[in-house]
Amino acid sequence: MEDVCIIGAGVVGLNIARELAKYQVKVCVLERNEDVGCGCSKANSGIVHGGYSDEPGTLKAELCVKGNRMYEQLEQELNFGYRKTGSLVLAFAEEELPTLRQLHDYGTQNGVQGLQLLSGDQARVMEPHLSPHVIGALYCENAGVASPYEFAIALAENAVQNGVVLKLKQEVQRIEPVKEGFRLFTHTGDSVTARYVINAAGIHSDKVASMLGIEDYRLTPRRGQYIVLDKDQSYLVKSVIFQVPSRLGKGILVTTTYHGNLMIGPNAEEIDDKDDVGTDDQTLAQVAQTARKSVPDINLKRALRSFAGNRPVSKLKDWVINESRVSRFINLVGIDSPGLTSSPAIAKKVVDILLHTGLELKTNPEFNPYRKPIIIKKGADFAGHTDAIQPTERLICRCEKVTEAEIIDSLHRGIEVRSVDAVGRRTRAGYGSCQGNFCGPRVRELIARELGIPVEEVPARDKTASPVVQRAKQLELLKL
């Protein structure tokens, strides 16, 4: 029997798992996908928010600020990819300036440091490629960027290293109370018994809660579409560039990713299907047009790929993080933005809830917080210089300078890795200009060799992308 079973291996569930690994408890994580971080955690902007956007007194505001302050130490321990960049929220009209002042006031009340209201000219000194139509901005020193899927992978690897049991491809379909706690049944016919259950199922957390008769919540998916551009566009911005937010979210941003690609998005569209993460030409054209309002010189001919992700939206004004009316069943519902930023602080809050509901937590003296990186830095910048590559090393991905040794390392870290996509999330193989056309077959061969399986059993990279990205060099994204 497990002490705690966590449903969902996104950044929230995995932060909780790693936090619990610091104690002498038996922890199991159930995940329906073939890899960790494949839901909201994979398909988001990777922004570590400063903490000025949310209303003071809410869990969102409190945990965002606390989580933000934890990232530097987490990066030192886990090597997943984080750097502080700062952020700017832009105003283009006089009627938008009061919103900047309100965000500044929110941030001040939330305890955010390094906030400053700027004129348009002051903002352009910081970011020379901003639109000349920007008349004001809010600067936040403490914002940053992280690699969200690498964060999830790093948390999972470290949790497993410290004794957490991770079970992939195990979708929970039924939960029954039993004398000792709960019995969870998965779609494979397997079951897990645990004294406590933590519902960290992201956009499906309402469905999981309903398995125990808790029908209080209804989550609707809000899809956001993104475009990733080549690294040669990263000169356009140094910080994260936002526009004044709307009721649907923080709006279209322009940023460099941790690894140096330019990224724009997301829009916000409410849809019916929680698993629909498709993109479309018209929406991506709107994303590009809106992003160019902030940074006009974005060259859409350098677009590499589009992707989309769904955020869990509830009618509640704040997150649900509490013990439900079913004893020892902890609900985390509606964890939308800034969920990535807040996830380390959410984990500490959940551990406190478990402690106060009777779970005995004795410190694990053997806990090791450190996880070695998979990706070896190859130069002083993020462009992928080859300084660190030895002549004897076999280069598998030419665009991202990924070696055979890095790929082999990624396959032997305690988590089953059986697809080209999973290797890409760990090493960036296939994430460069050719999008895996060169390295894809070589990665498949390495996986097959290392796992001792036929190459035909190794899924190739999912190249599903909007035709607008595939045609971008000719169409310049519908001539925008």
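Readers should treat all values here as calculations from the given coordinates under stated rules, not as data from a laboratory. Everything quoted here is computed from the prediction, not taken from an experiment. Don't worry about glycine lacking a Cβ; one is built from the backbone with ideal geometry, like all the others, and counts go over all protein chains shown.
List of remarks:
- Charge dipole (Cα centre; +1 on Lys/Arg Cβ, -1 on Asp/Glu Cβ; no other charges) of the chain amounts to roughly 440 debye.
- For V29, distant residues with modelled amide H under 5 Å away: I6, V165, L166, K167
- Residues T193, T108, sorted so that the one with the fewest Cβ neighbours within 10 Å comes first: T108, T193
- Positive end of the dipole of the chain (Cβ unit charges, origin at the Cα centre): among Q109, S433, I241, the Cα lying farthest that way belongs to S433.
- Each residue in V65, V254 was given a count of other beta-carbon atoms within 10 angstrom of its own, and listing them fewest first yields V65, V254.
- Residues L103, L451, L229, L14 arranged by fewest to most Cβ contacts within 10 Å: L451, L103, L229, L14
- Helix runs (DSSP H) in the chain reaching 18 Å along axis by Cα, Kyte-Doolittle at least 0.5: 339-356
- The chain: C-alpha pair distances exceeding 42 Å, %: 14
- DSSP finds beta bridges in the chain, and of those with both partners inside it, around 75 percent are antiparallel.
- Net charge over other residues, Cβ less than 11 angstrom from the Cβ of V351 (K, R count +1; D, E count -1): +2
- Less than 5 angstrom separates the built amide H of R218 from those of K315, all sequence-distant by 5 or more or on a different chain.
- Set of lysines near K167 by C-alpha distance (under 16 Å), chain-local residues within fewer than 8 positions excluded: K26
- Amide H partners (placed H, <5 Å) of L304, local residues excluded: V228, L229, D230
- Per-residue [θ]222 nm for the chain (sum of -39500 (n - 2.57) over DSSP H runs n ≥ 4, rounded to 500): -8500 deg cm²/dmol
- Karplus-derived 3J(HN,Hα), 6.51/-1.76/1.60, for each residue of segment 229-235, Hz, glycine and proline x: 10, 5, 5, 5, 9, 6, 5
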